[in-house]
Structures are given as structure tokens and as C-alpha cells.
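The values are calculated or read from the model by the stated rules, or taken from the named source; none is laboratory data. These numbers come from a predicted model, not from an experiment. Note that each Cβ is placed from the backbone with ideal geometry, even for glycine, and that neighbours are counted across all protein chains shown.
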Amino acid sequence: MSEGGGQKAARALVVALNSAIRAVRLYPVENAAVQKAIGELGNSAERVLDAEGQCAVRRAGDYLFVNGTRLRLTFDNYAAVASLLAMFREAGIGGIGLFERPQPRAWVVLLSFLQSPPVEYPEEERLAQFAARLEAANVPDFELFPEAGDPDAVEEDLDAKERARQTYVRSLDVTREVITSARIGRSPGLKRVKRAVQGIVDAILTDSASVIGLTTLRDFDEYTFVHSVNVCILSVALGRRLGLNKLQLLDLGLAALLHDIGKSRVPLEVLNKRGELEAPDRLLLQTHTWQGVLALFALPSGGGHPWRSMTAAYEHHMRTDLSGYPKVSRARKLSLFSKIISVADGFDAATTTRVYRDSPWTPADVLRGMRDNPRLGLDPVVVKAFINLTGIYPVGTVVVLDTFELAIVLAANADATALSRPLVRILTDDRGNLRDDPTPVDLTMRTPEGQFARTIIRTDDPQRYGINIGDYFA
């Protein structure tokens with residue numbers, strides 16, 4: 001199979017596997033949705049078997065392989081990859097192979113066991129316990145593998161953009177694990193969280209454009225996790241702009257990634273409620289700030305509790321005049337970390353579709369409001385630094401040019417005097433015909449006569465044109 005064909009088949013198998021897991025989790029086995037998902041999974045596995053003579057999904061560190069093909073992350077599979085990595089890791093499994101074409105029952109048993117791994121056993125014993133469960137259920141169709149391969153060797157083969165994707169998925173995986181564990185009363189340690197933050201800080205310091213572009217990714221079902229990772233990325237980038245050193249950025253990133261951990265103690269029916277929240281539910285949601293302090297205090301810390309993270313979790317919804325929440329009885333000055341996280345949190349939340357809001361605001365409109373509306377209670381110096389970081393038109397903004405072309409902002413201009421002239425990708429010509437040229441265009445470019453070749457005249461709603469912003473950054 002060609003490299004392109006191998007990637008396509010691998011991606012289809014992983015997405016089908018994740019979809020089937022979700023179907024088995026949500027519906028009884030007899031449900032048509034489960035039967036359809038299992039059928040599609042079986043067909044995807046058979047296509048790989050027929051083409052390559054084997055079918056195995058393996059993990060090596062934070063990477064997934066289908067047979068010998070390392071799966072490249074794209075917008076349509078990053079959530080599936082992160083979810084499967086988390087399940088495999090929790091079950092102590094390095095990979096699953098097919099001995100033959102499994103019957104639907106065998107798939108259902110396997111997927112059910114994946115969702116209830118033998119966590120009561122030490123990690124090194126879980127693989128054997130999982131295999132014993134399959135044997136007891138009379139399911140001999142699958143071969144289980146321990147984790148194999150050298151993750152560092154895989155890392156060396158990645159280009160900058162894919163390295164950023166892997167950093168993003170690793171952080172998403174860790175955040176899901178921490179918040180989910182906290183919700184069910186388990187206490188995950190901070191070691192993997194700190195490693196994920198280290199990856200984000202390193203990515204910001206070496207190739208900030210690639211990783212900031214990934215904050216345009218949106219997965220509605222994973223909002224809490226995606227939002228936490230986006231806030232971490234934006235906060236670290238903003239902290240760097242404000243002159244924080246690497247150790248300070250690591251502390252800031254940890255606080256940002258865990259700023260919403262208190263939501264693990266808020267009922268899901270409140271978090272996922274459609275429409276505006278009524279007063280009792282709104283007050284319950286607002287408890288996530290001080291609940292976050294308690295959740296962080298409960299984490300096994302080893303070298304000490306993350307005090308700065310606790311402060312940020314408590315303060316990130318306070319306004320500079322303390323008119324936000326939670327209410328305080330005495331005057332206080334918000335920490336710099338809290339001010340930074342408040343700006344990143346507000347920006348990402350306002351530019352995201354939510355269960356109670358169908359149409360998010362454009363990034364440019366959000367920046368304008370943050371700059372001009374003092375009632376938001378954001379620190380004006382931090383907001384100004386954020387605008388200098390993102391430019392007047394942040395990454396992912398769809399703009400209309402004076403040439404009548406449609407474009408999407410890829411990155412802020414490196415020239416600090418050109419905040420209104422970012423790097424863009426032209427999406428359509430002046431007649432609205434789609435273009436497929438990935439070459440960035442610098443809006444500071446001039447004609448031979450010395451005039452700017454292109455100028456932004458306004459922003460526009462991507463949904464109006466059926467544009468999925470994440471497709472251009474994944």
C-alpha cells in the first residue's frame with residue numbers, strides 16, 4: 001500500500017475504532033447506532049487486513065501506529081487519537097492486533113473492556129489482567145501487545161508542525177485524564193501534567209506560530225479539555241511576550257492547564273446545559289473557582305503543592321476591581337498569573353461555539369471588546385500585550401481584502417509596527433472561486449508603485465462561507 005493509502009486506511013481505522021467505543025458507551029448493544037459503528041469498524045479493519053496481511057493498532061509513547069504506519073494527526077482524527085492513547089495507557093496495553101476477522105460480539109466485548117480497564121491492579125499487571133478477561137469471555141480474536149518502540153526516536157522524525165500537533169494531543173490527553181480522574185474521586189499525580197506543560201513551553205519557545213495555530217481547533221464534545229489546553233498555550237505565549245523566564249513559564253503553564261479543574265466537581269448536567277443558566281445553576285457553576293483550589297490540594301504533589309496554580313484557579317474569574325467571582329471580603333491584588341489566564345480564558349471562551357451559544361464572536365471582535373470595554377475587568381496592560389502577541393486580527397480570523405479576495409489569518413506579522421497586516425492564506429479569488437495555494441501572503445508586501453498590494457477591509461463570519469477554521473491549522 002502506498003504511503004498516502006496507508007495513512008488514509010490508518011486514519012479510517014482509528015476514527016472508526018473511536019466511534020465504535022463511543023457508541024458502545026452510549027447505547028445498548030442492540031441499538032442500531034452500535035451495530036452500524038461495529039460494522040464500519042469491522043470493514044475498516046478488513047481493508048487493512050486485505051491490503052497488508054495484518055492489522056494492529058499500537059502506541060509508542062504519545063504516538064499511534066497502524067501496523068508500520070505512524071498516524072499523522074489531522075483535524076478530523078486528533079480527538080480520536082488522544083482518546084485511544086488514554087484508553088490504551090489506562091488499560092496497560094501497548095497495542096491490539098487481529099488474529100482473524102472478529103465477529104461483532106468480539107468487538108463489543110473488547111470495546112466494553114477498554115472502557116472499564118483493570119485499574120485496581122498496578123500498571124505493570126494490567127495487560128495480563130486484560131488478556132485474562134478476554135479469555136474468560138471466550139474472545140480469542142485479539143492479540144495484546146505491551147508498549148514497544150522508542151518514543152524519542154519517533155519524535156526525531158517529526159517536522160515542526162507535526163511536533164506541535166503531538167504536543168497538543170499529549171496535553172489534551174493529560175488534561176482529560178486529570179479532570180476525569182478528579183471527577184470520579186481518583187487522584188492523578190502532577191508528573192505527566194508537568195511533562196505536557198514542558199512540551200507546550202518548548203513549542204512556544206521554538207515555533208510559537210505552529211502551536212498557537214492549533215488553538216483554533218474545536219471539538220464540541222471535548223470542550224473542557226480543549227479549552228484548558230488552548231488557555232495554557234495562549235497563556236504561555238502571552239507570558240513570554242511579557243518577559244517571563246522559562247521557569248516562570250512552566251509555572252504559568254501548569255496553572256493555566258489546571259485553571260478549570262474545579263469543573264470536575266460541578267455536575268455534568270450543569271456544564272452541558274443548553275441555553276442560559278438559571279440562577280441556582282449559575283451559582284453552582286461559579287463554585288468551580290474555589291472547588292479548583294480543593295481539587296489541586298488533593299492532588300499528590302510529591303515536591304509540594306502547586307500554590308500558584310491554586311491562586312490562579314481561585315482568581316481567574318475575579319475582575320481587576322474584584323467585582324467578579326468568587327466574592328471576597330477584603331481588598332487584594334490579583335496575581336500576574338491570574339491576570340494572564342483571565343485574558344486567555346476569556347478570549348478562547350468567547351471565540352468558541354458553546355452549548356448555550358451557537359455562533360461565537362470573531363477573534364477580532366473579541367479583542368476589540370477586551371480592549372475597549374472596561375466592564376470586563378481585564379488588566380489593560382496584559383490585554384495590550386495580548387493584542388501585540390496576536391495582532392489586531394488573531395490567528396483564525398477570516399478577512400475580506402480590498403482585492404475582494406477572502407483570506408484566513410495564519411500568524412501575526414513579526415514586525416511589531418504591522419499589527420494590522422498579518423500573514424494570511426488566500427482562500428478565494430475576487431470572484432469567490434476557491435484557491436488551494438498554501439503559500440502564506442505577507443500583507444506588508446507592496447506593488448512596484450509603493451502601494452500595499454492587499455489590505456484588510458473587514459472581518460467576516462467563517463460559517464457564512466462554510467469554512468472550518470481548524471482545517472487550515474491541523
Among residues of segment 95-136, those that are free of Cβ contacts under 8 Å to residues at least 12 places away in the same chain, farther than 23 Å from Tyr63 by Cα and of a type in the set (A, V, I, L, M), counted: 2
Subset of segment 394-406 (residues that are in contact (Cβ under 8 Å) with a residue 40 or more places away in the chain and more than 22 Å from the chain's Cα centre (by Cα)): Val399, Val400, Leu401, Asp402, Thr403, Glu405, Leu406
Members of segment 422-474 found to be modelled with pLDDT under 85 and out of contact with any strand residue (DSSP E or B) (no Cβ under 9 Å at 6 or more places or on another chain), listed by number: Asp436, Gln463, Gly466, Asn468, Gly470, Asp471, Ala474
Residue within segment 335-354 that is assigned to a strand (DSSP E or B) and buried (at least 19 other Cβ atoms within 10 Å of the Cβ) present: no
Condition met for Val381 (under 24 Å from Thr459 (Cα atoms) and out of contact with any helix residue (DSSP H, G or I) (no Cβ under 7 Å at 6 or more places or on another chain)): no
Among (1) in contact with a helix residue (DSSP H, G or I) (Cβ under 9 Å, 6 or more places away or on another chain); (2) modelled with pLDDT under 85, the one test that Arg274 misses: (1)
Output for segment 296-323, where each listed residue is within 23 Å of Val343 (Cα to Cα), touching a residue at least 12 places away in the same chain (Cβ under 8 Å) and part of a helix (DSSP H, G or I): Leu296, Arg308, Ser309, Met310, Thr311, Ala312, Ala313, Tyr314, Glu315
All positions within segment 450-464 that are part of a loop (DSSP other than H, G, I, E, B) and acidic (Asp, Glu): Asp461
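A quick yes/no check of all residues on (1) surrounded by 17 or more Cβ atoms within 10 Å (Cβ to Cβ); (2) closer than 18 Å to Gly262 by Cα:
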| position | (1), (2) |
| --- | --- |
| Ala164 | yes, no |
| Val169 | yes, no |
| Leu172 | yes, yes |
| Val178 | yes, yes |
| Ser181 | yes, yes |
| Gly185 | no, yes |
| Leu190 | yes, yes |
| Val211 | yes, no |
Qualifying positions in segment 409-427 - in contact with a Phe, Trp or Tyr (Cβ under 8 Å, 6 or more places away or on another chain) and either among the hydroxyl-bearing types (Ser, Thr, Tyr) or in the same structural domain as Leu214 (by TED's automatic domain parsing) (or both): Ser420
Condition met for Ala79 (small (Gly, Ala, Ser), within 27 Å of Tyr472 (Cβ to Cβ) and within 22 Å of the chain's Cα centre (by Cα)): yes
Among residues of segment 8-25, those that are among the basic types (Lys, Arg) and within 18 Å of Gly68 (Cβ to Cβ), counted: 2
Residue check, Glu90 surrounded by fewer than 15 Cβ atoms within 10 Å (Cβ to Cβ), outside the structural domain of Ile184 (by TED's automatic domain parsing) and at negative phi: no
Qualifying residue in segment 364-372 (condition: part of a loop (DSSP other than H, G, I, E, B) and either over 17 Å from Arg454 (Cβ atoms) or in contact (Cβ under 8 Å) with a residue 12 or more places away in the chain (or both)): no
Qualifying residues in segment 416-473 (those that are surrounded by fewer than 14 Cβ atoms within 10 Å (Cβ to Cβ) and of a type in the set (Ser, Thr, Tyr)) - the one farthest from the chain's Cα centre (by Cα): Thr447
